[in-house]
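Okay, structure first, notes after.
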Amino acid sequence: MNPLPALLVRLRGRHTGEGFDRRLIAPMIVGSILNPINSSMLAVALIPIGAALGAPPSETVWLVSGLYLASAVGQPVVGRLVDMFGPRTLYLSGTALAGVAGILGALAPNLGFLILARVVLGFATCAAYPASMYLIRGESERTGTDSPSAVLAALSAANQTVAVIGPTLGGLLIGLGGWRTIFTVNIPLSLACLVLGALRLPKTRRDTKAGWAGLDVPGMVLFAGMLTALLLFLMDLRADRWWLPALALAAGAAFARRELRHERPFLDLRVLGGNPALLATFLRQTLAFTVTYAFMYGFTQWLEEGRGLHASAAGLVLLPLSGSAILVTVWTGRRKEVRGKLIVGGVAQIAGSAGILFIGDGSPIWTLLALCVVLGIPQGLNGLANQNALYHQAEPARMGSSAGLLRTFMYLGALIASSANAAFFTDGAHTSGLHGLAVFMGVVAVLLLAVTLLDRSLRRVCREPVSDKGKEATVMPLSAVDDQAALVLVDFQKGTAAAPGAPIPMADAVANGVRLAEAFRAAGHPVVLVRVETDLFPPGRTDVGPRSGSTPAEFAQLLDGLAGHESDIVVTKRNWGAFHGTDLDVQLRRRGVTQVVLGGVATSIGVESTARAAHEHGYHVALATDAMTDVDAGAHENSVAKIFPKLGETTTTDEVISALKG
């Protein structure tokens, strides 16, 4: 019985606006499985393809590497296009091309043509996953569900299910109709995606001309060149190929130079570099899938060549791998916590790698089945955990390209695994080579566990909401304080601080603001003090009427506890927000700032307006909710509970200072 419906039943209908649009689930899932099903089915087809086309393993490995190379390069590029133009067009184009690639593969007359079909298939399957993550984020904002764990779990469960069922399905198909049948699977899947996508994916109105004009094509080309050179080197590590890493470095330097200077970069390196939590997630993805694919390809080849099993029998031996992965994904999918999943996944990979050392040509089948059960556990945990971490760590406006990068780092792991298989199976997939591969897997698994344990930000990812004075319903934890973070305190001045403050006393909010300023100065981070002058306030008509009377001469003077520091940046505004009509953005950009930490008064006016603008300008936003207050407690609580979680990470003064100290 397929456990996926148990997850999907939680996703209520959309027409009343009550929950996630369940019509999107089918196209998201069917489209996103195109890549894993083609990746995993090939595991049992390499030996039959090599025998049929007279190609050794050193040549058939390009069937694996070709797809992953195309996917690794294409995923973030197509993901960026999804961010800019919306998911519908990219989804439909990609899934249509997947059907064409399936036909090409089924009719391939030789290995070269077959490799070409796999490359086309790699590019074709690049759109569906970034489009799905983009749609999930959009529905999250529409429904106000900041952590749609059931939807993310359903997407992950589908991908995990297909990835681990793929070898079994591939073996059965090969047994029924030969290796070409694994390519024909793409034809009905492509048709299903086209029908579901055309009927259910939303149409988005975008300024296409402006979008193409702002597209960073040179940046994409340099990125593709850098990644291609690096991956080609990793596929065949030899000293005489030194020019490939040199080319990758040169392309990387040119890419970084362009992206740091371009107004609308393909990858915003400043923002990405200022998000160490997301970078750690990318690293964990590579490590986790290096072990996953090393086992999937290496163990499967050993079953067929070293153990002497037919492809269909090898696929059946791998069934427990899929069973345990599916059960673990469904069982843990509704739990938001990330760190525990990764720890258990890392330990299970270490245990499984050690277990491989105790099997040989004469090992009973039950031991092989037990080994698959153990190694199915991390397959069900690691991908789900990293996907959930990315959902909370990535910039919403670049969710498509971030999701694409997550897949790129997964493929990087797959290519490393492919190179490891080639290195350890130089004379065939024998037991000695399998044991060497197991040692390699164990080392990588230890690194994964170490990276997980050392990443303090994971303790706060998907933290449950807390309820406390001044930080009601805090739904987004502080993942990190960027290396290029700035503190922006809004309207802590004599004229505004005269109010009592609600629900946080004004004196407490100011005291926390002073603590933050002192901590930021001590850490060498910029401190921006924003003050408001009302002499030229916008004259637009409002229900409350025009401002009357004059303000005291000292109204705009900064509070004594904050003023007087030469290193601070002082910005004077004449609007609610601190960006419009000021040089705040220029000041921040000149200093390479990627994240702003906000406090001030009033929460629902100056702070919220500044937070909205900071979010729209592409900064990471952190909001110290105990370093701000309002004149209206209800307005403060509405901003903190309803608005801020959609703009950034709500946190406290103590958490920010702790993160600054590392």
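Counted as membrane-span-like here are DSSP H helices of the chain whose alpha-carbon atoms extend 30 Å or more along the helix's own axis and whose Kyte-Doolittle mean is 0.5 or above; these are 57-85, 149-177, 276-301, 365-393, 399-424, 431-454.
Note on W366 and R590: the model spin-label points, each 7 Å out from Cα along the C-beta direction, lie 7.5 nm apart. Normalised by 2.2 N^0.38 Å, where N counts its residues, the alpha-carbon radius of gyration of the range 218-257 equals 1.12.
Taking the charge dipole of the chain about its Cα centre, with +1 at Lys and Arg Cβ atoms and -1 at Asp and Glu Cβ atoms, the residue from L434, L321, A445 reaching farthest to the positive side is L321. When the listed pairs K341/K661; K336/K642; K203/K341 are checked against a 30 Å cut-off, the alpha-carbon distance exceeds it for K203/K341. From the alpha carbon centroid of the range 276-307 to that of the range 472-533 is 45 Å.
Once amide H atoms are built 1.01 Å from N in the peptide plane, which residues 5 or more positions from D626, or in another chain, come under 5 Å H to H? It is T653, by chain and number. For T650, the amide hydrogen comes within under 5 Å of the amide hydrogens of V475, M476, L623, counting only partners 5 or more places away or on other chains and with H modelled in the peptide plane.
Accessible-area rank, largest first, for W331, W302: W331, W302, with all protein chains present and a 1.4 angstrom probe.
Solvent-accessible area per residue in the chain equals 39 Å², computed with a 1.4 angstrom probe and all protein chains kept. Rolling a 1.4 Å probe over the protein chains gives R515 an accessible area of about 90 Å².
Counting only DSSP H runs of at least 4 residues, each contributing -39500 (n - 2.57), and dividing by the residue count of the chain, the helix-based mean residue ellipticity at 222 nm comes to -20000 deg cm²/dmol. Checking the a/c ratio against 1.5 first, then a/b against b/c, what shape does the Cα gyration tensor give for the range 365-405? Judged from the Cα gyration tensor, the range 365-405 comes out prolate (a/c at least 1.5, a/b above b/c).
Ordered by solvent-accessible area of protein heavy atoms (1.4 Å probe), largest first, the residues M628, M235 come out as M235, M628. Can you give the relative contact order of the chain as a percent, counting alpha carbon pairs under 8 Å and 6+ residues apart? It rounds to 15 percent for the chain. The largest accessible area among D491, D268 belongs to the first residue in D268, D491, and the rest follow in falling order (1.4 Å probe, all chains). Residues whose amide H lies under 5 Å from that of I504, counting only those 5 or more places away or on a different chain, are D630; hydrogens are built 1.01 Å from N in the peptide plane.
Taking only protein heavy atoms and a 1.4 Å probe, the accessible area of the chain is 62% carbon and sulfur.
Partner aspartates and glutamates whose Cα lies under 13 Å from the Cα of K646, excluding those fewer than 8 positions away in the same chain, are identified as E139, E141, D146, E395, E608, E616. A probe of 1.4 angstrom, applied to the heavy atoms of all protein chains, finds I569 with accessible area near 20 square angstrom.
The values are calculated or read from the model by the stated rules, or taken from the named source; none is laboratory data. Treat the numbers as computed from the prediction; the structure is a model and nothing was measured. Counting neighbours? That spans all protein chains shown, and the Cβs are built from the backbone with ideal geometry, glycine included. Protein only, heavy atoms only, side chains kept; ligands, DNA and RNA dropped before computing areas. Shrake-Rupley method; radii C 1.70, N 1.55, O 1.52, S 1.80 Å.
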